[in-house]
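Undergrad: First the structure, which I've put down as structure tokens, then a few questions once you've had a look.
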Amino acid sequence: MNWITKIIKAGEKIKSAIHKRATKEDIANSDWTSCCKGPILKKDLEKNFWVCPECNKHHRIKPKQRFDIIFGKNNYEIFKTPIPKDDPLNWADSKSYKERLKNARKKTGLECGMMVVSGSINNIKITAVASDFEFLGASMAAAEGEAFLYGVQHAIENQTPFLCITAGGGMRMMESLISLSQMTRTTLAINELKKNNLPYLVCITDPTAGGITASYAMLGDIHFAEPGALIAFAGARVIKGTVKEDLPEGFQKSEYVEKTGFVDLIVDRKELSKKIGTLLSILLKKNSAIISEQNETSENTTQLSKVAS
């Protein structure tokens, strides 16, 4: 091999290395991510609650990162929830369902797509659940249903409000009707919360769709959503193809959904903890202004009774 051939081969190797596409794993393990103005350091994004300082895009984050923001770093208790038998239907497509579960657990460090915790805001104890989109798209199956029910049961037994942070594309079809039954189970669990007069707050994050939107995501006493979150049942192309009409711009984004009455508030991530604390103080009548007003009303009623007698 002469020197010219060596140079050509070396150049081809360099060219191949430059144009090699980064895998999802490479991107996940990198110190960088991208947003509106190109690359941005993950540590800089983290300092701003994983929200882009330029365009205010709320990047997807893991349940633990959410709870660190809401309750304070590691200032909460994580519960171990029941895990039913894996792959009850022996499902297989390009991969077996068991293999997909194994990969999802390794990737996220979770046994299922939901994390249940207990923490406090403004000295108010809260039971909360959040979904991890990296766990098979945060789809609902038997294990996630068990996690949700475990959280509701804990809230009822300890008389705490229940906060649900939603994400996911719907029910997990690898479990067929077992997954679809989680829509009914979560709905019945929420009814038990309401029978016990416990607040059920829903924070909708990007994306929330399918059977999740059609069940527990839309049954809250108060619904708030992060800016720009996708909130939908069917996909936009499916709807457009069905109704044969152009759809309003951004009609499945949280801002549009708020205008149509399905969401009560749009809340920036950095304001989430404060907003939840305020809402719960009002709902549980722990707000000082409300208490003083109630006391004043009670005193006036007593004085009127004395005058009347």
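Undergrad: Going by the conditions given, is Ile70 surrounded by fewer than 17 Cβ atoms within 10 Å (Cβ to Cβ), in contact (Cβ under 8 Å) with a residue 12 or more places away in the chain and out of contact with any Pro (no Cβ under 9 Å at 6 or more places or on another chain)?
TA: Numbers: surrounded by fewer than 17 Cβ atoms within 10 Å (Cβ to Cβ): no; in contact (Cβ under 8 Å) with a residue 12 or more places away in the chain: yes; out of contact with any Pro (no Cβ under 9 Å at 6 or more places or on another chain): yes.
For Ile70, the condition - surrounded by fewer than 17 Cβ atoms within 10 Å (Cβ to Cβ), in contact (Cβ under 8 Å) with a residue 12 or more places away in the chain and out of contact with any Pro (no Cβ under 9 Å at 6 or more places or on another chain) - is not met.
Undergrad: Let me confirm something: among Gly241, Gly250, which residue is more than 16 Å from the chain's Cα centre (by Cα) and outside any helix (DSSP H, G or I)? I'd like the intermediate steps shown before the answer.
TA: Working: Gly241 fails: outside any helix (DSSP H, G or I).
After applying the criteria, what remains is Gly250.
Undergrad: Restrict the check to the range 29-42 and report whether at least one residue is loosely packed, with under 11 Cβ neighbours inside 10 Å, modelled with pLDDT under 95, assigned to a helix (DSSP H, G or I) and not basic (Lys, Arg).
TA: yes
Undergrad: If you don't mind, another one. Before we move on, is Thr184 hydroxyl-bearing (Ser, Thr, Tyr), at pLDDT below 95 and in a helix (DSSP H, G or I)?
TA: Working: hydroxyl-bearing (Ser, Thr, Tyr): yes; at pLDDT below 95: no; in a helix (DSSP H, G or I): yes.
The answer is no for Thr184.
Undergrad: State all residues of the range 144-168 that are in contact with a strand residue (DSSP E or B) (Cβ under 7 Å, 6 or more places away or on another chain) and not in a helix (DSSP H, G or I); if no residue qualifies, say none.
TA: Scanning the range 144-168 gives Thr160, Pro161, Phe162, Leu163, Cys164, Ile165, Thr166, Ala167, Gly168.
Undergrad: Among the residues of the range 150-187, which ones are in contact (Cβ under 8 Å) with a residue 12 or more places away in the chain and charged (D, E, K, R)?
TA: Residues satisfying the conditions are Arg172, Glu175, Arg185.
Undergrad: How about the range 248-258: which of its residues are modelled with pLDDT of 95 or more and surrounded by fewer than 17 Cβ atoms within 10 Å (Cβ to Cβ)?
TA: Taking the range 248-258 and keeping what is modelled with pLDDT of 95 or more, we get 252-258.
Correct list: Glu255, Tyr256.
Undergrad: Let me ask you something else. Return a yes/no flag: does the range 86-94 have any residue that is among the polar types (S, T, N, Q), surrounded by fewer than 13 Cβ atoms within 10 Å (Cβ to Cβ) and at negative phi.
TA: So the first thing to find is which residues in the range 86-94 are among the polar types (S, T, N, Q), and the list is 90, 94.
Subsequent filtering for residues that are surrounded by fewer than 13 Cβ atoms within 10 Å (Cβ to Cβ) retains 90, 94.
Checking the rest, the ones that are also at negative phi come to 94.
Taking every residue of the range 86-94 in turn, at least one turns out to be among the polar types (S, T, N, Q), surrounded by fewer than 13 Cβ atoms within 10 Å (Cβ to Cβ) and at negative phi.
Undergrad: Going residue by residue through the range 89-99, is there one that turns out to be under 30 Å from Ile282 (Cα atoms) and not β-branched (Val, Ile, Thr)?
TA: Pass one, the range 89-99, residues under 30 Å from Ile282 (Cα atoms): none.
No, the conditions are met nowhere in the range 89-99.
Yes/no matrix, rows are residues, columns are (1) at pLDDT 95 or above; (2) of a type outside the set (Gly, Ala, Ser); (3) within 15 Å of the chain's Cα centre (by Cα):
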site	(1), (2), (3)
Asn74	yes, yes, no
Ile83	yes, yes, no
Asp93	no, yes, no
Arg105	yes, yes, no
Met114	yes, yes, yes
Asn122	no, yes, no
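Undergrad: Please identify the pairs in which a residue from the range 251-266 that is over 10 Å from Pro227 (Cα atoms) has its Cβ atom under 8 Å from the Cβ atom of a residue that is modelled with pLDDT under 95, counting only partners at least 6 apart or on another chain.
TA: Here the result reads Phe251/Ala236; Gln252/Ala236; Tyr256/Pro248; Tyr256/Gly250, each pair linking the range 251-266 to a residue that is modelled with pLDDT under 95.
Undergrad: On to the next question. Any idea which residue in the range 259-272 is surrounded by the most Cβ atoms within 10 Å (Cβ to Cβ), counting only those that are among the hydrophobic types (A, V, I, L, M, F, W, C) and farther than 26 Å from Gly72 by Cβ? Before you say what the answer is, go through the steps one by one.
TA: Within the range 259-272, the first condition is being among the hydrophobic types (A, V, I, L, M, F, W, C), and the residues that meet it are 262-263, 265-267, 272.
Next, only the ones that are farther than 26 Å from Gly72 by Cβ stay: 262-263.
Numbers: Phe262: 16, Val263: 23.
Out of the qualifying residues, it is Val263.
Undergrad: Okay, next question. Test Val116 against the stated conditions and say whether it is part of a strand (DSSP E or B) and either closer than 18 Å to Thr186 by Cβ or among the aromatic types (Phe, Trp, Tyr) (or both).
TA: Values: part of a strand (DSSP E or B): yes; either closer than 18 Å to Thr186 by Cβ or among the aromatic types (Phe, Trp, Tyr) (or both): yes.
So Val116 passes the test.
The values are calculated or read from the model by the stated rules, or taken from the named source; none is laboratory data. As the structure is a prediction and not an experimental result, all values here were calculated from the model. Don't worry about glycine lacking a Cβ; one is built from the backbone with ideal geometry, like all the others, and counts go over all protein chains shown.
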